[in-house]
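Here the structure is laid out as structure tokens; the discussion comes afterwards.
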Amino acid sequence: MFGLDITVIAFLGLLMLATGGLIFFLMFDRVTNEARQERRVKSIQNRQDIVRSRAAERIAETARRKKSVQDSLKELEQKQREKTSRSVGLRKQIQQAGLKLNLRQFFILSLICGVLLAVVAYVLGAPYYIVGAAALVGALGFPRWMVSRLRRRRMNKFLDEFPNAVDVVVRGVKAGLPLNDCLAIIAREAREPVSTEFRRIIEAQQMGMPLSEAALKLYDNMPLAESNFFAIVIAIQQSAGGNLSEALGNLSNVLRDRKKMKGKIQAMSAEAKASGAIIGALPFIVMLLVYLTTPDYIKILFIDPTGNIILICAGIWMTIGILVMKKMINFDF
């Protein structure tokens, strides 16, 4: 065949087969290494794709959660704006002052107070218009002023105890207690008026109201920035989730820092307040001393019509000055 012997052909075939086997033997490690590297590269690429997809999912979840928190904040801000835009009624002020009175009882007490002040002014020999002014002040001014004063005092007591109540919630949640049990502990063991306000939250929950809405009721009963912070934290945690103990722990630190800042402001403005009180009381002290030394000299202001006009004008200007000084030394933060 083609002038070649079959033995030569067989030899050439065996030689080629041996050469191919030798080449395969020498190149086997390289081929297997390349295949292994290719599989490894594909595995790394697949792993990176999985990591990227998980990272994208986490970013998307964070974005959704952030959007949910922002929506919750906008909704809560809208609700609080609507509440603050409405003026607080007399019934709500009496409730916030901690008085167990209805409107009928309050109006009866106001009428009695007005009659008593009018009688006192009449017995002292004041003119009839002074008696009428005393009746108006006793019926309309003094009772509402007392309600406002008691309301402010109760809010100050709430602010003193409220950070401790938040700390109780933080420790209870870290210990594994449910949030409702922590609120119940505060309602039982905290000092007034914190215990009363948290008891109202528990009662609202027992009536079927969600915890977020029940917490928002705290701001209705105690219209303070601190109670608003607490209600917002609870509402956001109920709607968007998150670490409640960490959020309330930060809130507790904020509340205590605000209390420290308030104390510093009061200490810095104490001198100005004392000066304002002295300046405001000085005309009355001088009038009393003049009356004790020379009564006839000061009686003209009370007997003569011109003197009455002077007293009224002086009272108006004194009131304006006191209000201006009060505005200057009271800081909002």
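Any read-out appearing in this document is the output of simple, stated calculations on the displayed coordinates, not a laboratory observation. Note that this is a predicted model, so its numbers are computed, not measured. Cβ sites come from the backbone with ideal geometry, for glycine too, and all protein chains shown count toward neighbours.
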Task: Separation of the GLN266 and LEU224 label points, Cα + 7 Å toward Cβ, nm - done: 1.1 nm
Task: Mean separation of Cα contacts under 8 Å (6+ apart) over length of region 134-240, as relative contact order % - done: 18 percent
Task: Karplus-derived 3J(HN,Hα), 6.51/-1.76/1.60, for each residue of region 244-251, Hz, glycine and proline x - done: 5, 5, 5, 5, 6, x, 4, 5
Task: Value of relative contact order over region 101-181, rounded to a whole percent, pairs C-alpha under 8 Å and six or more apart - done: 24 percent
- [ ] Collect residues whose amide H, placed 1.01 Å from N in the peptide plane, falls under 5 Å from the amide H of LEU99; neighbours closer than 5 in sequence don't count.
- [x] none
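Relative contact order of region 269-333, please, whole-number percent, based on alpha carbon pairs below 8 angstrom and at least 6 residues apart.
Values: 22 pairs, mean separation 27.5, N = 65.
Here the relative contact order equals 42 percent.
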Open item on the list: I need the phi-derived Karplus couplings for region 91-101: 6.51 cos²θ - 1.76 cosθ + 1.60, θ = phi - 60°, integer Hz, Gly and Pro marked x.
Closed with: 4, 5, 5, 5, 5, 5, 6, x, 8, 9, 10
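Estimate the FRET efficiency between ARG104 and ARG191 by the formula 1/(1 + (r/R0)^6), using the beta-carbon distance for r and 22 Å for R0, to the nearest 0.05. Working shown, then result.
Values: r = 31 Å, r/R0 = 1.41.
The calculated FRET efficiency here is 0.10.
Going by average Cβ neighbours within 10 Å, how do the peptides 126-134, 225-233, 246-254 rank, with the highest at the top?
Details: 126-134: 15.1, 225-233: 20.2, 246-254: 17.2.
Ranking the peptides 126-134, 225-233, 246-254 by packing returns 225-233, 246-254, 126-134.
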Open item on the list: Could you work out how much longer the chain between ALA133 and THR293 gets when fully extended? Use 0.36 nm per residue separation minus the Cα distance between them, nm to one decimal.
Closed with: 54.7 nm
Task: Burial order of peptide ranges 104-114, 257-267 (average beta-carbon count within 10 Å, highest first) - done: 104-114, 257-267
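Round to the nearest 0.05 the FRET efficiency obtained for LEU111 and ASN308 when R0 = 30 Å and r is the Cβ-Cβ distance.
Numbers: r = 27 Å, r/R0 = 0.91.
About 0.65, to the nearest 0.05.
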